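Read the structure below first, then the notes.
The values are calculated or read from the model by the stated rules, or taken from the named source; none is laboratory data. Computed from a predicted model, the values in this text were never measured in an experiment. Cβ atoms come from the backbone with ideal geometry, glycine included; neighbour counts cover every protein chain shown.
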Amino acid sequence: MVTMAISASTLNGRHHKTALTIFMVIVVAHWAEHVAQAVQVYAWGWPLAEARGVLGMPFPWLVTSEWMHYGYALLMLVGLIMLRKGFTGSSRTWWNISLGIQVWHHMEHLLLLVQKLSGIYLMGRPVPTSVLQLILPRMELHLFYNALVFAPMVVAMLLHRRPAEHAGASCTCALAH
């Protein structure tokens, strides 16, 4: 039997660049969904109930599924943790910032999922509500969260590509001199 498992050392070593690329494709696709939904509401004037992003149009359940949203938040958290060891220097600091923000974002989605499963909603609201959703509407909040996680992640990846950042790194992500 052939095992497809990749060890942590190879994931953050020779497979780091490939893993980061796959991870970023997933992150950018998710980010694009939030941006598309915002465009549908603010540029095209669609009612929020009809603005479901790109994939939400043919699959409307994607927008309302707390399991799907929690699954993505968990995937982001796991990806940030698993790929962290490949970063060194200031790129690791920026990756850690992204990870810290994602920990909070994940907790917010866990809170939403628990509310959906229990039927008991925060502060008596009629729908599952996250802590910061008490201040900001859900669509705008999640657009903000994704931007907040994405920005330091991009900084980390740009710094990570610099040869000077690779002291002690075991991956091949650095650009050639």
Please determine, by comparing only the residues of region 41-64 that are small (G, A, S) and surrounded by 14 or more Cβ atoms within 10 Å (Cβ to Cβ), which one is nearest to L113 (Cα to Cα).
G56
Kindly provide the set of residues from region 130-172 that are more than 21 Å from the chain's Cα centre (by Cα) and crowded, with 17+ Cβ neighbours inside 10 Å, ordered by number.
E165, H166, A169, C171
Qualifying residue in region 52-62 (condition: aromatic (F, W, Y), in contact with a helix residue (DSSP H, G or I) (Cβ under 9 Å, 6 or more places away or on another chain) and closer than 16 Å to Y145 by Cα)
no
Hey, F59 aromatic (F, W, Y), touching a residue at least 40 places away in the same chain (Cβ under 8 Å) and not in a helix (DSSP H, G or I) or not
no
Looking at region 84-111 only, could you name the residues that are touching a Phe, Trp or Tyr at 6+ places or on another chain (Cβ under 7 Å) and of a type outside the set (F, W, Y)?
R84, H105, H109, L110
In the list I97, I101, I120, which residue meets the criterion of being assigned to a loop (DSSP other than H, G, I, E, B) and modelled with pLDDT of 95 or more?
I120
Among all residue pairs at least 6 apart or on different chains, which show Cβ distances below 8 Å where the first residue, located in region 151-166, is under 14 Å from I97 (Cα atoms) and the second is of a type outside the set (S, T, Y) and not in a helix (DSSP H, G or I)?
A156/F87
Would you confirm, using the coordinates I've provided, whether V127 is modelled with pLDDT of 95 or more and surrounded by fewer than 19 Cβ atoms within 10 Å (Cβ to Cβ)?
no
Only residues that are charged (D, E, K, R) and outside any helix (DSSP H, G or I): list them for region 123-167, please.
R125, R161, R162
All but one of (1) closer than 15 Å to H142 by Cβ; (2) surrounded by 14 or more Cβ atoms within 10 Å (Cβ to Cβ); (3) within 16 Å of the chain's Cα centre (by Cα) hold for A38; which doesn't?
(3)
Testing G56 on (1) modelled with pLDDT under 90; (2) within 28 Å of H166 (Cα to Cα), one condition comes back false. Which one is that?
(2)
Just to verify a result, which residue in region 84-106, among those that are over 13 Å from the mean Cα position of the chain (by Cα) and crowded, with 21+ Cβ neighbours inside 10 Å, is farthest from V149 (Cα to Cα)?
G86
hydroxyl-bearing (S, T, Y) and either in contact with a Leu (Cβ under 9 Å, 6 or more places away or on another chain) or surrounded by 15 or more Cβ atoms within 10 Å (Cβ to Cβ) (or both) - does that describe any residue in region 117-124?
no
Just give me the residues in region 94-111 being of a type in the set (S, T, N, Q) and free of Cβ contacts under 8 Å to residues at least 40 places away in the same chain, in sequence order.
N96
